[in-house]
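Structure first, commentary second.
The values are calculated or read from the model by the stated rules, or taken from the named source; none is laboratory data. Computed from a predicted structure; not experimentally measured. The protein model used for the area step is the full one, side chains on, heavy atoms only, and it has no ligands, DNA or RNA in it. Shrake-Rupley method; radii C 1.70, N 1.55, O 1.52, S 1.80 Å.
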Amino acid sequence: MDPTTDNAGSSGSARSSLESLRTEISKAVVGQDPAVTGLVVALLCRGHVLLEGVPGVAKTLLVRALAASLELDTKRVQFTPDLMPSDVTGSLIYDARTTEFSFQPGPVFTNLLLADEINRTPPKTQSSLLEAMEERQVTVDGTPRPLPEPFLVAATQNPVEYEGTYPLPEAQLDRFLLKLTVPLPSREDEIDVLTRHAEGFNPRDLAAAGIRPVAGPADLEAARAAVAKTSVSPEITAYVVDICRATRESPSLTLGASPRGATALLSTARAWAWLTGRDYVIPDDVKALALPTLRHRVQLRPEAEMEGVTADSVINAILAHVPVPR
């Protein structure tokens with residue numbers, strides 16, 4: 001068999017499996033296709049996701065349904081003001097029988113960690129995830145311990161104006177590949193949600209809802225290999241750089257996207273190009289991922305915020321003005 005043909009077939013099979021995730025997750029979650037796509041893009045790029053929305057819009061259910069559809073191990077941590085870093089990473093436990101300390105792994109040792117309401121805990125505990133997110137390991141008592149592969153942190157947060165929240169520091173925000181907003185459902189979608197509940201849908205029993213694994217780690221690895229081969233022209237690279245440099249020069253922002261943000265935008269655009277069936281990136285791929293990739297990496301000036309300017313509106317204005325390569 002021609003290995004080129006075999007690789008193409010494997011790539012196509014992986015794409016088909018990942019595309020079917022949307023259908024599978026819709027058995028439990030109604031009307032959140034953009035968030036589902038964003039989570040798949042993050043998995044392809046080995047990145048992490050921040051999900052923001054008011055309480056009760058199925059952020060937690062979305063992550064649980066994704067894990068069930070991909071047959072990944074998942075754990076959930078409810079972040080609270082009294083949560084300690086060791087409650088997330090694990091700690092050394094003294095065993096009286098052996099008179100030795102042994103490491104008790106925390107919930108971070110999983111494939112998909114749901115960090116629920118991450119901005120309800122103080123910065124000290126928030127920062128306990130930094131090493132895990134960046135290095136994919138946890139160091140306790142000087143010993144680094146690798147995390148499973150794949151590993152993704154899906155953190156949910158309420159809008160910061162809600163009472164009892166701690167804004168995430170810029171250094172931690174920058175560790176998230178994407179920030180996805182989870183909006184309130186439309187009237188039709190909300191009717192669908194209530195109808196399902198009236199018919200006996202139980203969000204705590206995903207198996208009863210009919211969710212089955214439609215892809216697995218092998219599909220994810222094949223997909224990541226295919227994304228890595230997605231070509232990027234010098235013009236597209238320059239386009240990404242121009243967009244990010246424009247955020248640093250915007251009069252509405254005190255903080256623009258860093259080179260890490262530019263790298264992230266290039267990665268997510270490649271993943272989106274592959275998901276849509278192409279082996280090369282076009283400007284529309286960059287535009288499609290610019291908002292979720294950059295909105296949490298920029299910081300508004302207070303006066304601009306008072307005038308109703310948002311990070312999304314600034315980025316959209318930049319996309320409208322930066323010349324698009326032909």
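With a ≥ b ≥ c the root eigenvalues of the C-alpha gyration tensor of region 101-174, is it rounded (a/c under 1.5), prolate (a/b larger than b/c) or oblate?
Note, shape of region 101-174 comes out prolate.
On the accessible surface of the chain, probed at 1.4 Å, how many percent belong to carbon and sulfur atoms?
Here carbon and sulfur together make up 54 percent of the probe-accessible area.
Calculate for the chain the 222 nm mean residue ellipticity that helices alone would give, adding -39,500 (n - 2.57) per DSSP H run of length 4 or more and normalising by residue count, nearest 500 deg cm²/dmol.
Calculated at 222 nm, the ellipticity per residue is -14000 deg cm²/dmol.
What percentages, rounded to whole numbers, describe P(r) for region 164-233 computed over all alpha carbon pairs with 10 Å bin width beginning at zero?
With 10 Å bins starting at 0, P(r) equals 13, 19, 29, 32, 6, 0.
One quarter of the convex hull surface, Cα atoms only: what value does that give for region 49-108 in nm²?
Mean shadow area of the hull around the Cα atoms is 6.2 nm².
Stick to Cα atoms and the Kirkwood definition of Rh, then tell me Rg/Rh for region 194-326.
That ratio is 1.13, to two decimals.
Picking from 95, 87, 116, which is most flexible by a Gaussian network model of the chain using Cα springs under 10 Å?
Looking only at 95, 87, 116, the biggest GNM fluctuation is shown by 95.
Share of Cα-Cα pairs in region 150-269 beyond 22 Å, in percent?
Distances greater than 22 Å cover 63 percent of the Cα pairs.
Given a 1.4 Å probe and the protein chains all in place, what does the accessible area of residue 258 round to, in Å² to the nearest 10?
The accessible area comes out at roughly 40 Å².
Can you give me the C-alpha center-to-center distance between region 257-326 and region 132-205, rounded to a whole angstrom?
21 Å
Provide the per residue accessible area, probe 1.4 Å, for region 166-222, rounded to a whole number of square angstrom.
Roughly 59 Å² per residue, with all protein chains present.
For the chain, what is the number of Lys pairs with C-alpha distance below 17 angstrom, counting only pairs 8 or more positions apart or on separate chains?
4
Can you tell me how much longer the chain between residue 170 and residue 78 gets when fully stretched, taken as 0.36 nm per residue apart minus their C-alpha distance, in nm with one decimal?
30.9 nm
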